[in-house]
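Engineer: Below: one structure in structure tokens.
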Amino acid sequence: MSNEAYRKCKSCRFCSHKDDLWVCVLTSKSMGPDDTCERYRPGCCEYCNLFSKGRCIRTGETMYELDVCVNYDPSGSL
């Protein structure tokens, strides 16, 4: 069974929301919680909460935003 939030704005760290108003902070475009993000890149450091200022907080490695995490789990369980 797949994660129902997969590829949705409700799981994207670049989608900001207050009540029923959802906005992509990268494009300033109004979105819905179940809309698919145009910038969505599965497994990229750019979308990981453990990526900060070019470094993986978990491993301490220097990473690029578009690098794909070796621990990427498409099911969203990690």
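Since every read-out is calculated from the coordinates, none of them should be taken as a lab result. This one's a predicted model, so the numbers in the text were calculated from it and none came from an experiment.
Engineer: Read phi for every residue in the stretch 15-27 and hand back ³J(HN,Hα) as whole Hz from Karplus 6.51 cos²θ - 1.76 cosθ + 1.60, θ = phi - 60°, with x for Gly and Pro.
Structural biologist: Listing the rounded values in order: 9, 9, 9, 9, 6, 9, 9, 10, 9, 7, 6, 7, 10 Hz.
Engineer: Can you give the extra length, in nm with one decimal, that the chain gains between V23 and I57 once fully stretched, where that is 0.36 nm per residue apart less the Cα-Cα distance?
Structural biologist: Working it through step by step, the gained length comes to 9.5 nm.
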